[in-house]
Amino acid sequence: MEFRAHTPGDSLAIESLFTSVFTRSEGEQEGALIGNLAKEMMAGTDSQDLYGFVADDGRQIIGAIFFSRLTFEIDLDVFILAPVAVDTDHQGMGIGQALITHGLGEMTRKGVRYVTTYGDPAFYSRVGFHPVSQNAIEAPHALSQPEGWLGQSLADDPIETIPGHCACVKALDDPAYW
């Protein structure tokens, strides 16, 4: 298994992976929504604002994750981990956790201070995420499930309160994802 940065040549396989995984778990409409999100992120986000990583088993991409920039009124390197997918036939093998751990290591090397995510606390707590108050780090949109707003510091300090409004990359800037 190889964990590596995504390349432009991976785009179609990544879009297909997200569409397939979310269709099987959440239905066709959700699959199309998240597949399109991945496509739009890869096609329309500046390279300094998006980092993607894949798990490649030598035959195909079986997992993919993206980190995209969150911006605030102060200059601070904060990214959100979303979306995340592991091929349905490869779930439950630790691939998602290993891929996220790899990605967090790469983000640490890039000097990112904080990473947030919006998802299942039981899963993301396994890779170091903890609940974050929206008073500390505001989400870009109203959250339908506030208990899923999570974060972690990649520096040696705890998460501090970040003042002001939070904005995300254009592809993620739709209340349907929140």
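Computed from the coordinates by the stated procedures, all read-outs in this text should not be read as laboratory data. Fair warning: this is a prediction, and the values are worked out from it, not measured in the lab. Cβ coordinates were reconstructed from backbone atoms using ideal geometry, including for glycine residues, and neighbour counts include every protein chain displayed.
Structure values in brief
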read-out: Tensor-based shape of the range 69-155 (alpha-carbon gyration tensor, a/c under 1.5 rounded, otherwise prolate or oblate); value: oblate
read-out: Helix-only [θ]222 nm of the chain, DSSP H runs n ≥ 4, -39500 (n - 2.57) each, per residue, nearest 500; value: -9500 deg cm²/dmol
read-out: About the Cα centre, charge dipole magnitude for the range 1-92 (Lys/Arg +1, Asp/Glu -1 at Cβ), debye; value: 180 debye
read-out: Helix axis angle, 11-26 relative to the chain longest principal axis, alpha carbon, degrees; value: 80 degrees
read-out: Calculated from backbone phi, Karplus (6.51, -1.76, 1.60) coupling profile of the range 118-125 in Hz, x at Gly/Pro; value: 9, x, 6, x, 5, 6, 6, 5
read-out: For Leu154, residues with placed amide H under 5 Å, excluding near neighbours; value: Tyr114, Val115
read-out: Alpha carbon centroid spacing (whole Å) that separates the range 30-60 from the range 109-175; value: 19 Å
read-out: Per-residue HN-Hα couplings for the range 50-55 [Karplus 6.51, -1.76, 1.60; θ = phi - 60°; Hz; x = Gly/Pro]; value: 9, 10, x, 9, 10, 9
read-out: Those GluC sites (Glu not before Pro) in the range 1-96 that DSSP places in a loop and that have at most 14 other beta carbons within 10 Å; value: Glu73
read-out: Cα-derived Rg over Rh, computed across the range 2-177 with Rh taken as Kirkwood radius; value: 0.93
read-out: Table column - 3J(HN,Hα) (Hz), the range 93-105, Karplus curve with 6.51, -1.76, 1.60, x for Gly and Pro; value: 10, x, 5, x, 4, 5, 5, 5, 4, 4, x, 5, x
